[in-house]
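What follows is calculated from the coordinates using simple rules that are stated; it is not laboratory data. Owing to the predicted nature of the structure, the values given are computational and were not obtained by experimental measurement. Backbone-built Cβ (ideal geometry, glycine too); neighbour counts: all protein chains shown.
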Amino acid sequence: MKEFALIFRLKDLADFQPSPEQMQERMNWLAGIAAQNKLVDKGNTLLPIAGSAKTVKADDVVTDGPYTEIKEFISGYIVVRAETIDEAVTMAKENPIFMVGGNIEVREVLKRD
Amino acid sequence: METAEDIAGDTFLKASEHWAIHGVPENPAAWLYTVAKNKAKDYIKHLSVVETRVRSQTETERIRYEEAFEYHEQSIADSQLAMIFAVCNPANASKSQICLALQILCGFSVEEIANAFLTKVETIKKRLQRARSNLRNDHFQVGLLSEAAIVFRLPTVLKTLYLVFNEGYFSKTGDQLVRKELCSEAIRLGLVLTENPLTNTPQVNALMALMCYQSSRLEARTGAGNETIRFDDQDRGQWDKALIQRGHHYLINATTGNEISAYHLEAGIAYWHTVISDANKWPHILQLYNQLILIEYSPMVALNRTFAFANVYGQEEAISEAEKLQLTGNNHYHALLGYLYSGTDTAKALAHYEQAIRLTRSKPEKQVLSDLKMHCAAQQR
């Protein structure tokens, strides 16, 4: 079994605060993966808001917020267990994030020993 | 320790023979202690006959033993628990501690322990052997534990009580579907924990709430002929309201502090099962199961969560959710799929019910499944 990080990205800060229904859908999705015993790490939410996000660059340049150049920001991540990357992609496809224009990056985890 | 185990084993054997004929006595714990005490006396008498010629001090030892074994309501409660704490020795991994406690103190067979852990009998046998020799090497004794040791060992003790209760409530082996004496024993020991300020933690209270809520349906769950009555068919008037009230009491005590343990979530689920009708009942139960499965994976939680999912989103919607679990060797998995398919695809439903019956060992459970299968087949016509 391999491990894959699913990295969630959103375009609009307004989508970051989910409605109770959206929250329920996300929970259902996450628990559905856990119910298959394929959740390695339920991950964390990464706050994109002022005061909670800064970007540090060369030459002592510090800007507020996440990378805004790419017009989308990372909102969180989880780690799942799967035989192949396709299986991890199948899990990702069922996430409700696409209804609000978000996307998910799937990356195989190479463990540092 | 081996002698004590033999005596305990003999006692449980005698209990199973005696109780099967004469019924369970009014106070099973006291009964067991009396029998164990007599057996211990016999054993020591036997020893002394052999040894008086060799050693004269045996007599004084015999007196000391008798005093230690004297039956007393209060000391039973504490000594039983003290034994569980003693066996839950960190010299062993927590799983092994629990196995030992279940076997030595709760009289579980290896098969019952294997069921409780959803593991193979062979694995449990090996685990028990290793655990015993570890305890021996650690100079096992039932002594006074430091406060720190009690706090440290509490989680494994709790898990042991939880498993004892579950085996009583969902007995998987033998001909009985419910073994009330195990349920009441687990509650009794939990009660002792709540009476000690050191162990009266939110987790202990949450476990007590869970056990009280579940027990409130013990009477309603079995019919006059010892058959199982499913939740929906139970006479709600038979639910024990006093126990439900006790459950509320413990649940409130459990909410001091910020901790949400698996026992809290399970108590929350059990609470909702005592509520007869409420539009939000199943969405709440599903949310609690979602949180529970995130704390720790277990096939049973995964299956129960899917059942809750079906009650919120419909049977058809839940089929794909269920099939993802791929627990094809699990009887409950097939029973769930049987239920989920029953509205739409009778052939598939019947096939799953058949699989479930084949994989079930407990007779009463087989009966419940056969009834469901017949009901499903009848609806098709």
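Overview of values
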quantity	calculated
Relative contact order for region B:293-381, counting Cα pairs under 8 Å that sit 6 or more residues apart, in percent	21 percent
Listed residue pairs exceeding 23 Å between alpha carbons, taken from A:K111/B:K126; B:K241/B:K281; A:K2/B:K125; A:K38/B:K348; A:K38/B:K366	A:K111/B:K126; A:K2/B:K125; A:K38/B:K348; A:K38/B:K366
Neighbour-count ranking [beta-carbon atoms within 10 angstrom, fewest first] of B:I319, A:I78	B:I319, A:I78
Positive dipole terminus of chain A, leading residue within A:F16, A:V56, A:V89 (C-beta point charges)	A:V89
Point-charge dipole on Cβ atoms (K/R +1, D/E -1) for region B:261-381, about Cα centre, debye to 20	400 debye
Sequence-separation-based contact order of region B:147-284, relative, with Cα cut under 8 Å and 6+ spacing, percent	22 percent
Relative contact order for chain A, counting Cα pairs under 8 Å that sit 6 or more residues apart, in percent	49 percent
Packing-based exposure ordering (other Cβ within 10 Å, fewest first) of B:F231, B:F117	B:F231, B:F117
Chain lengthening between B:F170 and B:A91 when straightened (0.36 nm per residue, less Cα-Cα)	25.4 nm
Cβ-placed point charges (K, R +1; D, E -1), dipole of region B:81-195 about Cα centre in debye, nearest 20	400 debye
Least to most buried among A:L110, B:L359, B:L288 (fewest other Cβ within 10 Å first)	A:L110, B:L359, B:L288
